[in-house]
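Taking it in order: structure first as structure tokens, then the write-up.
Each value in this text was obtained by applying a stated rule to the coordinates, not by laboratory testing. All of these numbers come straight from a predicted model, not from anything done at the bench. Every residue, glycine among them, receives a Cβ derived from its backbone with ideal geometry; neighbour counts consider all protein chains shown.
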Amino acid sequence: MTDIIQLLPDHVANQIAAGEVVQRPASVVKELLENAIDAKATSVKLVIKDAGKTLVQVIDNGIGMSTTDARLSFERHATSKIRSAEDLFNIHTKGFRGEALASIAAIAHVELKTKTEDLEIGTQITIEGSEVTSQEAVVAPKGTTISVKNLFYNIPARRNFLKSNPVETRHIIDEFHRVALAHPQIEFIMLNNGAPVFNLPSSNIRQRIVNIFGAKTNEKLVPASEETDIVKVEGFVIKPQFAKKSRGEQFFFVNNRFIKSSYLHHAIFSAFEGLIKDGSHPGYFLFLEVDPKSIDINIHPTKTEIKFDDEHSIYAMLRASVKHCLGQFSIAPILDFKKDSELETPYEYDKKKPVAPTIEVDRNFNPFDRELKQGNISFPFKREASHSSTTDSWEAMYVGLKNKESQLDVASIEFESEEVTGSFFETDESKPSDFTFQLQNKYIISPIKSGMLVIHQNLAHQRVLYEDLLKNITVKEAISQQLLFPLKLQFSTLDIEIIKSIQEQLEHTGFGFSSFEKDEIEINGIPVSVRESEIKNVLAKLISDINNDLPDAGFSQNDILAKSLAKSLAIKTGTILTIEEQEHLIHQLFACKEPTVSPSNKPVLMTLDVSDIDKKFN
Ligand code: ADP
Ligand code: MG
């Protein structure tokens, strides 16, 4: 048999590539706008006619091209943006595949006019179906104008496949929005059939959103901002009460590139859980910044999908930051801890001396002296419903510290949460917990300006532990108590596999594993907050939680782990807490990112307003 394989001519190869890159006029808009941005334009104008079917034109004031570059720009795999394969993992430009202009030129009539800063004269090239039909020197301002006419003129099937003008125009506007939102500092203008549609001056992101979506949007936005080593999140979410029935405004950018990711959308969606009605969609404009080396953009020709090295952490982080910003927004109007003494002190109650709680203190208490006190020394709360001995409980450390008489080196660990309470309790005087008390060993009651605060002690402590654990798992540091004699625990082979699969996360919470056998594990370190005798139960509970949550396990294992441990370790209902323990818990709670709900989404606290109480007396 004779040889039958042939290399395709360039224009055919380009047409095939165009099938991937150019689906509709909006794809041309996206590629041309992105090229203008890569060319460092500060002003970009988009002109369309007939929904882009007759004309898509982009005019920019960027760096322009030399004559040779102008010619080369239409070759396939011709790009100024990367040089080697390694560059693929360090992309700072929108484009890099060098195929957009070649593809577009294969399926349309294209005219390019361009001039660089330092050249006197510019270049004009016309090209049809990959054939250059003319090239001449022209007078032109600095920058580039590309006109794409009669898209799919040589592929009638594709042209017929295009939707009605309103639909195609909608697609174009969507692309325009995406690019314009990602680059608020650049001026964008859009004209449709000669009429101006958008005129967006250079601005900040909030103004850009408002300029695009209208003045009413401003009051709907809640800012989000969070930063860790692996990702920085900035932007806005739309207040839950403005969630729309249709998908609406959902914009997600990674390194200023609009990205579609149903996985990360889920992170945002789940942060809104319980806040919006079923069937409504959250709105958001979120900008993630990650190290370009930690993502792969080159997995899809249109570059709207990317692969993250560490998608799970980004998921967790994104969800946490959205929850955080929603939490701040919803808590702020309810809780007002600023004291207004006139309102609060009927019949001179304030002149009466409060009864000081009596606390017995062992001034020689040493938290590291595990021989003396059995049990869990660094843990701020006793977990039995007993109040007999004060020496091994947390208040001893607290008072000792205040009197500067104890030799506590770990003070910073125990009290770090108090430093961050600043945002809630701005001054010492405005602390809510001038006095607190426990109701039925279940709730902590604390007066606030508007009435009183009722805190569910178990759920509150779950929240505190949950955020701590999650932080340890993500930041990857935890304090561990080394066991003198390793603990051998029997589990089924399947259960051991589960523990193995989360070994790393468990180690970040303080667990240490010395060996894994078929049906036995050996533990040589445990988190400071857990007693040795509880370990088996804690792990068993964790395994069962992970099993029950299996469908989600792929992306929220850290979450399940933190939730499960927090639930196992939190002080239980029925536990008596001293005043200091109550106060400490309140402080820790309000140092949390999201103090109002428990890790399993139950309310942690409620406020009872004086006005509500007043009603009872009418
Ligand atoms: P890519 O953007 O992936 O590099 P394109 O086919 O979109 O590939 O563009 C090819 C090259 O043409 C670019 O790398 C750039 O050097 C040049 N170019 C395209 N558009 C412009 C423009 N508006 N201004 C200046 N240079 C441009
Ligand atoms: Mg490009």
Given Cα positions, please report Rg to Rh for segment 6-157, the hydrodynamic radius being the Kirkwood one.
0.95
Mean-position separation - Cα centroids, segment 198-243 and segment 69-125, in angstrom
32 Å
Using the structure shown, list the pairs from LYS45/LYS113; LYS323/LYS563; LYS239/LYS307; LYS149/LYS260 with a Cα-Cα distance above 20 Å, or answer none.
LYS239/LYS307; LYS149/LYS260
Counting other beta carbons within 10 Å of each residue's own, what order do VAL237, VAL222, VAL132 fall into, fewest first?
VAL132, VAL222, VAL237
For the pairs LYS94/LYS220; LYS81/LYS303; LYS49/LYS163, flag any whose C-alpha to C-alpha distance is greater than 21 Å.
LYS94/LYS220
Euclidean distance of C-alpha centroids, segment 498-538 and segment 1-55, integer Å
55 Å
Taking amide H positions as placed 1.01 Å from N in the peptide plane, with prolines and chain starts having none, which residues 5 or more places from ILE448, or on another chain, fall under 5 Å of its amide H?
LEU453
Sort out for me the Cα centre separation of segment 448-468 from segment 131-150, rounded to whole Å.
66 Å
Find the Rg to Rh ratio for segment 171-302, where Rh is the Kirkwood radius over alpha-carbon pairs and Rg uses the same atoms.
0.97
